[in-house]
Amino acid sequence: MRRILGLAGPPGAGKTTYAVAWARDLGAAYLPMDGFHLADVALDSLGLRDRKGAPETFDAAGYAALLRRLRERPDETVWAPAFERDLEQPLAGAIRIGPEVDVVVTEGNYLLLDDPPWRAVREALDECAYLDVDDAVRTERLVARHVEFGKSTAEAEAWVAAVDEPNARLVAASRGRADRVVSAAVR
C-alpha cells in the first residue's frame, strides 16, 4: 500500500505552496482537493454558485473514493483531476499518478471535517497536518488572489467576507483532528 499524506488549512493559508514543496522533498505525487470542485454548470443547477468553495460545492465522495483507490496502489496509472485557476474550473484527468509512486501528498480545506462524506477523506489519510497562518496575512492573500483572477478589490473583499471567512471558521474548528499543526512560516 502507498502512503497518503494530507495537509488541511483555511483558504489562503498557503496549502498549495507548502504541499507542492512537501511532495517534492519526499519524491511524492501531489494531488490537490480542488480538482474535485463541482463545475460552474453543476453549481448553477444546484443554486450554489454564490458559495463556490464551501464544503457542499465539492465532490467529497469522489475525492474519498480516489484516495482509497490510490491507497490500494493499482498496477495501472491513476488519472486525477486538477483545478485550473485561470478557468476557475476543475480539469479532468490532468494529474498522473503512476504505479511506481510510493507517497501521495494531498491538500485542501476540508480534509479534517467530521461530517459525511468528508469523514471518509480523513479516514483515507495516513496522517494529516494542519497549516496555521495569521488571519490578517491569510485574508490579504485571498483578496490578492481574487483580484489576480478577475475580481475588483471591492468584489474580492466582499467574497472573502461572505464566502471564504465562514469556510475558514469551519476549517479552523476541525484543527483538533490533525496529527500535527505546522506554521505557514515554517516548511
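Bear in mind that the values in this text are calculations on the coordinates, not laboratory data. Values in this document were obtained by computation on a predicted structure and should not be read as measured data. As a convention, Cβ positions derive from the backbone with ideal geometry for all residues, glycine included, and neighbour counts pool all protein chains shown.
Order by neighbour count: Ile95, Ile4, fewest other Cβ atoms within 10 Å first, most last.
Ile95, Ile4
Taking other Cβ within 10 Å of each residue's Cβ, how do Met1, Met33 sort, fewest first?
Met1, Met33
Using 1/(1 + (r/R0)^6) with R0 = 22 angstrom and r between the beta carbons of Ala54 and Ala136, what's the FRET efficiency to the nearest 0.05?
0.45
How much of the DSSP beta bridge set in the chain is antiparallel, as a percent to the nearest 5?
Around 30 percent of the beta bridges assigned by DSSP in the chain are antiparallel ones.
Among Ala82, Ala124, Ala136, which residue has its Cα furthest toward the positive end of the charge dipole of the stretch 3-183, with +1 on Lys/Arg Cβ and -1 on Asp/Glu Cβ?
Checking the options against the dipole of the stretch 3-183, the answer is Ala124.
Rounding to the nearest 10 and keeping the result within 0 to 90°, find how far the Cα-based axis of helix 135-148 lies from the longest principal axis of the chain.
In the chain, helix 135-148 runs at an angle near 80 degrees to the longest axis.
Between Glu157 and Arg69, what length comes free when the chain is fully extended (0.36 nm per residue of separation minus the Cα-Cα distance, one decimal in nm)?
Going from the current span to full extension adds 27.8 nm.
Assign unit charges at the C-beta atoms only (+1 for Lys and Arg, -1 for Asp and Glu), then state the dipole size of the chain relative to its Cα centre in Debye, rounded to the nearest 20.
On the way: 24 positive and 31 negative charges, 84 e Å.
That gives a dipole near 400 debye.
How many angstrom separate the Cα center of the stretch 27-63 from the Cα center of the stretch 106-124?
Value for the Cα centre distance between the two parts: 13 Å.
Given that just one value was derived from the coordinates, which of (i) 110; (ii) 132; (iii) 186 is volume of the Cα convex hull per residue in Å³?
Checked against the structure: label (i).
Return the single residue from Arg122, Arg85, Arg51 with maximal mean-square fluctuation; model: Gaussian network over the chain, springs between Cα atoms under 10 Å.
Arg85
Relative to the longest principal axis of the chain, what angle (0 to 90°, nearest 10) does the C-alpha long axis of helix 15-26 take?
That helix lies at roughly 20 degrees to the long axis.
Can you give me the relative contact order of the chain as a percent, contacts being Cα pairs under 8 Å and 6 or more apart?
35
Considering only the other residues whose Cβ falls under 13 Å of the Cβ of Ala60, what net charge follows from Lys and Arg at +1 and Asp and Glu at -1?
Spelling it out: positives minus negatives among the neighbours equals -3.
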